[in-house]
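The values are calculated or read from the model by the stated rules, or taken from the named source; none is laboratory data. Just so you know, these numbers come straight off a predicted model, no measurement behind them. Every residue, glycine among them, receives a Cβ derived from its backbone with ideal geometry; neighbour counts consider all protein chains shown. Please note that ligands, DNA and RNA were not included when accessible areas were found on the heavy atoms of the full protein model with its side chains. Shrake-Rupley method; radii C 1.70, N 1.55, O 1.52, S 1.80 Å.
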Amino acid sequence: MLCRIFVLAWFAATIIASLFPQSSAGGAAAGIQFLALLGFVLVHASLAGGWPGAFAFFAIMGAASFVLEAISIATGVPFGFFHHNTAGPRLLGVPMAVPIGYAVFGWPAWAQTMTLMRSLGTTSRTALLSAPVVGTFLLAGYDYPWDPIGATVLKVHGFRDPSGLFGVPLSNFLGWLVTGWVAFQILARVQRGFVRTSAAETMTFALLPPMIWIGTALSYFLQYAVAAPGTTSVGERTFVIADIYEASAAISLPAMILPAIITIIAAISRPRLISVAPADTSG
């Protein structure tokens, strides 16, 4: 019940923040949006592996993202040379909010991965290798539509050599793949030590993470609908703001909505397969 309340609050805040980005109501909604999603992730992750498992996830995801971002800021590997512009305390050039952000969006990606692995009947040994790869691409799917907006319109971060997708270089997306794989590979091994509760096996548990993905994707369509006129510049490149939001909305279709739909199908189909099996064997 608490997970559903957090998701509903997140959906409402997401709509307001997307439609009124420049207003005080939009700013307040953005804060509620983050806190609701953080609350959802904490509770949802605790259902999967207890509170120790939830804290382990935050520690692993946060540490992996912090280390790799700090290395990239200093050396350009794996994300490329970039910098953060967000306010607040930072260490080695990485704002403390960044590792939390990775964990907050990393959990829906990992939870969807668990649903897909269960629906495929994957053995534990196979899952150790396949789950991190699947989770990595699900997590990167979140970044594909977000970074063109973050790096150009919002300018919360920037790259030394803008290129590629509205100034976001290919190296950035490869960096997300590396970061996700490192974190999820560690998590796949550590998570075996945490016992899942029965709540983590319910359909509701499986359906909520893909709804986060769908809601995030739909927010890009709302932002495109109210996009401010004009252009924005990154280095020597100039882009139409509405084009950036339109591209992000288009990218979200295969990057976020398609994986979410597949996860929903997997979550719905698996209980049916289990309930039909006794009838098939009794005849």
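Of the numbered conditions (1) farther than 19 Å from Val168 by Cβ; (2) aromatic (Phe, Trp, Tyr); (3) buried (at least 20 other Cβ atoms within 10 Å of the Cβ), Trp51 satisfies every one except a single condition; which is it?
So Trp51 meets the others, but not (3).
I need the full set of residues from the stretch 5-16 which are more than 12 Å from Leu37 (Cα to Cα) and surrounded by fewer than 18 Cβ atoms within 10 Å (Cβ to Cβ), in order please. Explain how you work it out, then say what you get.
Step one: filter the stretch 5-16 for residues more than 12 Å from Leu37 (Cα to Cα), giving 15-16.
If the condition is that a residue be more than 12 Å from Leu37 (Cα to Cα) and surrounded by fewer than 18 Cβ atoms within 10 Å (Cβ to Cβ), then Ile15 is the only one that fits.
Out of Leu187, Leu174, report the one residue that is at pLDDT below 95 and under 19 Å from the mean Cα position of the chain (by Cα).
Exactly one residue qualifies, and that residue is Leu187.
Got a sec? Which of Leu154, Leu174 is out of contact with any Gly (no Cβ under 8 Å at 6 or more places or on another chain), open to solvent by 10 Å² or more (accessible area, probe 1.4 Å) and under 19 Å from Ser219 (Cα atoms)?
Leu154
Quick one: Leu128 ticks every box in (1) surrounded by 21 or more Cβ atoms within 10 Å (Cβ to Cβ); (2) modelled with pLDDT under 95 except a single one, so which number is it?
So Leu128 meets the others, but not (1).
Return the residues of the stretch 1-50 that are of a type in the set (Phe, Trp, Tyr), within 19 Å of the chain's Cα centre (by Cα) and over 15 Å from Phe205 (Cα atoms); say none if nothing qualifies. Please lay out each step first, then the result.
At the first step, the residues of the stretch 1-50 found to be of a type in the set (Phe, Trp, Tyr) are 6, 10-11, 20, 34, 40.
From what is left, the residues that are within 19 Å of the chain's Cα centre (by Cα) are 6, 10-11, 34, 40.
Once the filter is applied, which keeps residues that are of a type in the set (Phe, Trp, Tyr), within 19 Å of the chain's Cα centre (by Cα) and over 15 Å from Phe205 (Cα atoms), the stretch 1-50 yields Trp10, Phe11, Phe34.
Please find, within the stretch 145-171, the residue that is farthest from Pro78 (Cα to Cα) out of those that are out of contact with any Pro (no Cβ under 9 Å at 6 or more places or on another chain) and assigned to a helix (DSSP H, G or I).
Residue satisfying both the conditions and the ranking: Val153.
Quickly run through the stretch 102-121 and pick out the residues that are open to solvent by 20 Å² or more (accessible area, probe 1.4 Å) and either under 16 Å from His44 (Cα atoms) or over 19 Å from the mean Cα position of the chain (by Cα) (or both).
Phe105, Arg118, Ser119, Leu120, Gly121
State yes or no: is Gly88 over 14 Å from the mean Cα position of the chain (by Cα) and outside any helix (DSSP H, G or I)? Show your work before the answer.
On the way: over 14 Å from the mean Cα position of the chain (by Cα): yes; outside any helix (DSSP H, G or I): yes.
Judged against the criteria, Gly88 is a match.
For Gly62, state whether it is more than 20 Å from Leu208 (Cα to Cα), open to solvent by less than 40 Å² (accessible area, probe 1.4 Å) and out of contact with any Gly (no Cβ under 6 Å at 6 or more places or on another chain).
yes
Let's see how each residue does on (1) acidic (Asp, Glu); (2) free of Cβ contacts under 8 Å to residues at least 12 places away in the same chain; (3) surrounded by 18 or more Cβ atoms within 10 Å (Cβ to Cβ); (4) part of a helix (DSSP H, G or I):
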| residue | (1), (2), (3), (4) |
| --- | --- |
| Gln223 | no, no, yes, yes |
| Ser233 | no, yes, no, no |
| Tyr245 | no, no, yes, yes |
| Ser248 | no, no, yes, yes |
| Ile251 | no, no, yes, yes |
| Ile257 | no, no, no, yes |
| Ala260 | no, no, yes, yes |
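Failed condition for Ala12, given (1) assigned to a loop (DSSP other than H, G, I, E, B); (2) out of contact with any His (no Cβ under 8 Å at 6 or more places or on another chain); (3) more than 19 Å from Leu139 (Cβ to Cβ), with all others met?
Tallying (1) assigned to a loop (DSSP other than H, G, I, E, B); (2) out of contact with any His (no Cβ under 8 Å at 6 or more places or on another chain); (3) more than 19 Å from Leu139 (Cβ to Cβ), Ala12 fails exactly one: (1).
Of the residues Leu92, Leu19, Leu37, Leu2, only one is within 25 Å of Leu218 (Cβ to Cβ), surrounded by fewer than 18 Cβ atoms within 10 Å (Cβ to Cβ) and at pLDDT 95 or above; which?
Exactly one of Leu92, Leu19, Leu37, Leu2 is within 25 Å of Leu218 (Cβ to Cβ), surrounded by fewer than 18 Cβ atoms within 10 Å (Cβ to Cβ) and at pLDDT 95 or above, namely Leu19.
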